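Laboratory data are not the source of any read-out in this text; all were calculated from the coordinates shown. Treat the numbers as computed from the prediction; the structure is a model and nothing was measured. Cβ atoms come from the backbone with ideal geometry, glycine included; neighbour counts cover every protein chain shown.
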Amino acid sequence: MNTIVNVGGLRKTYGETIAVDGISFEVFEGEIFGMVGPNGAGKTTTIECLEGLRQPDSGTIRVLDLDPIGDRYHLRERIGVQFQAAALPDRIRVWEALDLFAAFYPNPVDWQALLEQMGLAEKRDAHFVKLSGGQKQRVFIALALINNPDLVFLDELTTGLDPQARRAMWDQILHIREQGTTVFLTTHFMEEAERLCDRVAIIDHGRIITLDTPKNLIDSLGADNRVVFETDAHLSDESLNAVPSVVRVEHIGDRVVVYGKKDGLVSGVVNALETAGIPFENLHTEQPNLEDVFLALTGKEMRS
């Protein structure tokens, strides 16, 4: 695989605050690489160093075989950037923004086709201030793609979006990768990273705790699957513990969580409840996820 980002021992401090603490990683061509962690973990500082916007205190960085500081002008022609905090003039029209940004590059893409791709054709003449949150984010993605980049950085892209808009944005990210652009994504939504990313680096307090595919990270936990249901009847754990795949049972008020191995867990729990004559509702399964990985590795839940 062709390595297009290579970071070694990156460190960045602000006074006595250590934002990035000696991290190293690679990003491969054609993948969606995710850096996940809570707000303040060092994600934005890391990508700003990769984009040439901040000078690291120490360490080495090569992006598309260029030095982000020394070769910043050449690099900016080849990367796209969507900032965590971005804005446009309220009265600028969508087409005017794309036309303006296209003028900054020697070989921009056809921005009218980009409008179609991003589902913004109907908003071509709309003022920026009139757009919804999701539509504004799609404009910013379009602006990040206007120069047909080899690599695009998306920083906390879906923060503040409702669930429907967030999932629509996920489709756009997958489409970007399908068209040949490598994606570097930062997020504090573990579900987002699990759904989209080929590999994920979990970062906390400026350090990479672990890096692998979402599946490998989850499998490495060896965590139990869960069957969750509610009942107001008296339930003895004996009937559930008799199911071969059950490991343990938790009670939280009327909510019961049964932990166990995947094979036969659901059918075993349901059969045990029906045999014991226990009424239940809202039964569903929960599988281990990246949130569980973060909790296991850090000892605390994700901070928003």
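Please list 3J(HN,Hα) in residue order for the stretch 211-225, calculated via the Karplus relation 6.51 cos²θ - 1.76 cosθ + 1.60 where θ = phi - 60°; whole Hz, with x for glycine and proline.
With the stated coefficients, the stretch 211-225 comes to 8, 5, 5, x, 4, 5, 5, 5, 4, 5, 5, x, 6, 7, 6 Hz.
Based on DSSP H runs of at least 4 residues, each adding -39500 (n - 2.57), what is the mean residue ellipticity at 222 nm of the chain after dividing by all its residues, to the nearest 500 deg cm²/dmol?
That calculation yields -9000 deg cm²/dmol at 222 nm.
Relative to the Cα centre, what is the charge dipole magnitude of the chain, using +1 at the beta carbon of each Lys and Arg, -1 at the beta carbon of each Asp and Glu, and rounding to the nearest 20 debye? Could the numbers behind the result be given before it?
Details: 29 positive and 46 negative charges, 158 e Å.
Dipole of the chain, to the nearest 20 debye: 760 debye.
Contour minus end-to-end for VAL129 and ASP65, with contour as 0.36 nm per residue of separation and end-to-end as the Cα-Cα distance? It would help to have the intermediate numbers written out before the result.
Details: separation 64, 0.36 × 64 = 23.04 nm, distance 3.86 nm.
Extending this stretch completely gives an extra 19.2 nm.
Please state the shape class of the stretch 246-287: rounded when a/c is under 1.5, otherwise prolate if a/b exceeds b/c and oblate if not, all from the C-alpha gyration tensor.
Oblate, since a/c reaches 1.5 and b/c is not below a/b.
Given (1) 20.3; (2) 19.4; (3) 21.7, which label gives Kirkwood radius over Cα pairs in Å as computed from the coordinates?
(3)
Where the centre of each part is set by its Cα atoms, how far does the stretch 151-230 sit from the stretch 51-114, in angstrom?
A separation of 23 Å, based on Cα centres.
Which residues' amide hydrogens lie under 5 Å from the amide hydrogen of ALA86, considering only partners 5 or more residues apart or on another chain, with H built in the peptide plane?
Amide H neighbours of ALA86, under 5 Å, 5+ apart: none.
Assuming a ≥ b ≥ c are the square roots of the Cα gyration tensor eigenvalues, decide whether the stretch 6-51 counts as rounded (a/c under 1.5), prolate (otherwise, with a/b larger than b/c) or oblate.
Numbers: a/c = 2.45, a/b = 1.65, b/c = 1.48.
Prolate is the answer for the stretch 6-51, as a/c is 1.5 or above and a/b outweighs b/c.
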